[in-house]
Amino acid sequence: MSVWRTIVAVAGGVIAATALAFGAWVVALGPLPPLDRIAFSQTVVDRNGVLLRPYATSDGRWRLPATVADVDPRYLDLLIAYEDRRFRDHHGVDPLALGRAALQWIERGSIVSGGSTLTMQVARLLEPRRERSLSAKLRQAVRAVQLEAALSKDAILGLYLSLAPYGGNLEGVRAASLSYFGKEPRRLTLGEAALLVALPQSPEQRRPDRSREAASKARDMVLHRLAQRDAIAASEVMRAHEESMPVARKPMPMLAPHAADDALAAAPASSVHRVTIDANLQKTLEQLARERMQAFGPDVSVALVAVDHATGEIRARVASPDYFDLRRAGQVDMTRALRSPGSTLKPFIYGLGFEDGLIHPDTLIDDRPVRFGDYTPENFDLTFQGTVTVRKALQLSLNVPAVAILDRLGVQRLAVRLTEAGAGLVLPKGEAPGLAMGLGGVGIRLTDLTMLYAALARGGEAIALTEQAGQKAATHRLIEPVAAWYVGQALLGAPPPDNAPHGRIAFKTGTSYGYRDAWAIGFDGRMTIGVWVGRPDGAPVPGLIGRTAAAPILFDAFSRAGQATPLPRSPEGVLFAHSGRLPPPLRYFGRDLTVAAANKPRIMFPPDGARIERAGEDPLALKIAGGQRPLTVMVNGAPLPPTRERTVFVRPDGAGFVRLTVMDARGATDSVVVRLQ
C-alpha cells in the first residue's frame, strides 16, 4: 500500500506542479493584445456605405475590416461547416478536435491536423508565429478562451473575416473578394465561397493568380467534403465545380480618387471616411468622361461636378478621366483649377438686372456695335442681331447686351455679389474688375461655378457645396427669387446641342479666350451638373467650343443620371407680359436714359442700410423725390402697379433684408436695401 501511496503522491505532485507551472505560464502570457491597434486599410465610402477607394496599410497590405453582415450568409455556413462545426457551442477550444489532433501527433510524430477552432485561428492571426509546436498550440488555446470571454461569436468571426490571409498582400475576405472577383463578398456563388474558405489554409500555394490548378483542387476539396456531409445538394456542387477560376488579380476600387484623397487629407487619423458622393452616379459619370475624352485627343481632359440642390451635397465629382494618365495630368484636380469661365457668368449679370428692375425677360435690347470707353465687345460669330428681347440675348449668349447691362449695374457690384455667395473669383495680379469680367476675364473653379448655378435652381439662394457626409452647409442670398426664376426660364429655352432634347434642362455654355476652356453648366429641379473640357496646362485647343465640346457631355450626363425633374413653379411677384404690355420703363433697355442728375428719382426714406422695426403687418412707407412720373416701385424685383404718388406703401413678406427700387418713366432708377425686424 505504501508503494501505491507513494505513486499517487508523486503523481499528484507532478500534476500539481504541472498545473502551477501552466498557471504561471498563462499568467505570463498576459492579457489579449489590444484589438483597437490592428492596422486596417483606411477606406473612403459613399453616402450609402459603398466602398469608393481603400488605401493599403503602411506595410503595403490590403486589410479591410469586415463583419458578419458584410459577407454572404452561405459563405459563413461553408466556413463554419468546413473549419469548425461546433463553433457556436464551444468556448474557444473544441476538446474533440484537439483529442483527434493529439492522437494523430502521437501516432505519426508530427502535427497532421491542428484541431484549431476558428477562435484559435483568430488568436494565431493576432499573434502570428511561424512554428507549429505544442507550445504554440497551447498559447492559441489560452488566447482563444480569452477571446471567447471578451467577445461575442460574431465579433470573433469578424476578426477572422478581417485578418485571414488570402495570398500576397491580401488579408481579410473583403480584400480577397474584391481582388479575385471584383466585388464585395455580400453575394457569392457557391464556387467563389468555397474558394474563399479554402485559401487561408495555404494562401501562397493556392493563390489562383499564381497556381490555378492548386486553387481549383482546394476549392473542389471543400465542396467534396461538404457534399459528403450532405451539407450541399449534389446538383449545386456540380455547378460549382464548373465555375471558372480567376486567373489574375483585379485592381482595388478606385472611384472618386481625388475626393478620396481630399477626405483622407482632411482627417488622416480616421479609418473610415464617409463622403456625400453616390457611387452609382460617380461610376456613370467617370465612364462618360472616359468615353468622351477619346474624341478630344491625348492631351485634353474632362471634369464634371454633380450637385444636389436641396443640400448642396456633391453627388459626383470627376476631376479627371483617368487618375493615372500622366499626359492628361490625371492627378491634377480640374474641378478646382482656376480657369476662365467664358460666357458662363452672363446669367448672373441678367439676374442682377432683373432684380434691380432694369430689365424684364421681354424687354427689348439692342445688339449692335458700341464702345464702352476703350472696350468694344464683339459677339463670338462677329455678327450682330439687332434688336432682340433680353431673353433671346441670354439664350444666344450675345456679348454687347450683357456688357451694356453690366455697365449699368457696375462691375464691382457683380464681383461682390458672386464673392459673397462663396465663389472665389481671381483676377490677374494688380487688376481691378472690368467689363471684360462678364465675358470671362476672371478666374473661377468649376466647383464654384456649379455652386452659383445651383443657386439659380434654388430660387437665388446659394448653398456652400460639401463633400463630407453630415456637414451642414451655409446659405447666402445671391439674387432674389423672381430674378432667379426669370434666368432659369430663359436658360430652359436655350437651343440645345444637336440631337439633344429641348426644354429638358436650363443650361449655359461658355468658351474662354483662345479656345482654352469649354464649359456647360445646367440644372433641372433636382440636380446641377457642371462640365469643363480643356488642357490641364492651359494650352489652346483649336475648335474647342462650349456648345460642341461640353454641352453634349452635359446633356448625356443628365440623361444617365435619371429622369429629369421639372423646374419649380413661378414665385409670387413674377410679371407675365410681352414687350408692348410691360411698364414703359421696362419696354426698351438703353433708350431715353439721359436724365439730369437733379431730376433722377431718389428714395428719401428709408435710407440705404437702415434697420426698421415693424409692428405686425403694418405697411412700410416709401418716400420718393424727383423722377418723371409715373413711377414704378419694385419690392425684391417684383413690380407694383405704376403710380403718380410720391409716397408709396409697400408690404414686404416677413422680416429680413428687402431691396426697394423705384424707376421713373424714362427708366432712371434708385435702390436701397433695408433690414426689417
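List of remarks:
- Tally of residues being of a type in the set (V, I, T) and free of Cβ contacts under 8 Å to residues at least 12 places away in the same chain across segment 362-380: 1
- Just one of the listed residues (A638, A549, A577) is closer than 30 Å to L491 by Cα, in contact (Cβ under 8 Å) with a residue 40 or more places away in the chain and within 30 Å of the chain's Cα centre (by Cα), and it is A549.
- Entry remark, segment 63-96: residues being acidic (D, E), over 43 Å from the mean Cα position of the chain (by Cα) and surrounded by fewer than 19 Cβ atoms within 10 Å (Cβ to Cβ) number 1 in total.
- Residue check for A136: modelled with pLDDT under 75 and in a helix (DSSP H, G or I): yes
- Residue check for L398: under 32 Å from the mean Cα position of the chain (by Cα), at pLDDT 95 or above and crowded, with 22+ Cβ neighbours inside 10 Å: no
- Scanning segment 273-327 for residues that are under 21 Å from T565 (Cβ atoms) and among the polar types (S, T, N, Q) gives T276, N280, Q282, T284, T311.
- Out of A265, A269, A329, sole residue that is in a loop (DSSP other than H, G, I, E, B) and free of Cβ contacts under 8 Å to residues at least 12 places away in the same chain: A269
The values are calculated or read from the model by the stated rules, or taken from the named source; none is laboratory data. These numbers were taken from a predicted model, which means no experiment stands behind them. Every residue, glycine as well, gets a Cβ built from its backbone with ideal geometry; the counts of neighbours run over all protein chains shown.
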